[in-house]
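> Please see the structure below; I have some questions.
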Amino acid sequence: MVVACCQGYQCETRRVTVTYSTSTDGLTADALTGFFVGWPAPPAPTTRVEILQRSGQVVLARDGGALVGFVTAITDGVLSAYIPLLEVVPAYQGRGIGTELVRRVLAALDGLYMVDTACDQNLVGFYQRLGFERSNAMIRRDYAAQGGRAGSLTP
């Protein structure tokens, strides 16, 4: 995969090899910058670490040592799961990383009756290509708590 990295007026093109893992061992808040772009009140980096560590399933995408994407799932492990977060840093979007992250988390959840997600309108086609169907859903949001409440719940 080739990625153009631009900073100011200088651009470089380099070949990247993305690797995938399910381990959050050694994950630090510093590794989780560049995510949650466009969120009015994104979770703090330390809260992001906690989100990944507490998720029932997680798949991480790395370019060398740099974290470039992740997906999380919450599951009872018996019947159902929910995919709340799929994040790929902007410089790596459109290169199949998000697709591979979702494929891998779906493989880990294989055999469950239902795996659900909620997404913005512009992502419906992406999820449909991965086998999701449009459905009715009800959601409840407390936007004041969008940054999360790290450490307030016991695992």
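The values are calculated or read from the model by the stated rules, or taken from the named source; none is laboratory data. Only a predicted model underlies this, so the values are computations on that prediction, with no experimental measurement involved. Neighbour counts are summed over all protein chains in view; Cβ atoms, including those assigned to glycine, are modelled from backbone coordinates with ideal geometry.
> Write out, first by first residue and then by second, each pair whose Cβ atoms fall under 6 Å of each other, whose residues are 6+ apart or on separate chains, and whose first residue, in the range 129-149, is within 23 Å of LEU106 (Cβ to Cβ) while the second is part of a helix (DSSP H, G or I) and not small (Gly, Ala, Ser).
That search, which allows pairs on different chains as well, returns LEU130/VAL102.
> While we're here: Give the residue that is farthest from PHE35 (Cα to Cα), with candidates limited to residues of the range 105-134 that are crowded, with 18+ Cβ neighbours inside 10 Å and in contact with a Phe, Trp or Tyr (Cβ under 8 Å, 6 or more places away or on another chain).
Top of the filtered list is VAL115.
> I need every pair where a residue in the range 56-78 that is assigned to a strand (DSSP E or B) has its Cβ under 9 Å from the Cβ of a residue that is of a type in the set (Phe, Trp, Tyr) and crowded, with 22+ Cβ neighbours inside 10 Å, sequence separation at least 6 or different chains.
Every condition considered, the pairs that remain are VAL58/PHE70; VAL59/PHE70; LEU60/PHE70; ALA61/PHE70.
> Out of all the residues in the range 104-140, which are among the hydroxyl-bearing types (Ser, Thr, Tyr), within 15 Å of the chain's Cα centre (by Cα) and not in a helix (DSSP H, G or I)?
If the condition is that a residue be among the hydroxyl-bearing types (Ser, Thr, Tyr), within 15 Å of the chain's Cα centre (by Cα) and not in a helix (DSSP H, G or I), then THR117 is the only one that fits.
> What's the number of the condition TRP39 fails, among (1) more than 23 Å from ASP142 (Cα to Cα); (2) assigned to a loop (DSSP other than H, G, I, E, B)?
Failed condition: (1).
> Kindly indicate whether any position in the range 117-136 is modelled with pLDDT of 90 or more, of a type in the set (S, T, N, Q) and within 16 Å of VAL58 (Cβ to Cβ).
Within the range 117-136, one or more residues are modelled with pLDDT of 90 or more, of a type in the set (S, T, N, Q) and within 16 Å of VAL58 (Cβ to Cβ).
> Still on this model: Mind checking which residues of the range 3-26 are surrounded by 10 or more Cβ atoms within 10 Å (Cβ to Cβ), modelled with pLDDT of 95 or more and part of a loop (DSSP other than H, G, I, E, B)?
Passing the criteria: THR22, THR24.
> Next up: Can you tell me how many residues in the range 88-103 are part of a helix (DSSP H, G or I), among the small types (Gly, Ala, Ser) and over 15 Å from ALA73 (Cα atoms)?
1
> Here's a check for you: in the range 60-72, which residue that is among the small types (Gly, Ala, Ser) and surrounded by 23 or more Cβ atoms within 10 Å (Cβ to Cβ) is nearest to the chain's Cα centre (by Cα)?
Checking each candidate, the answer is GLY69.
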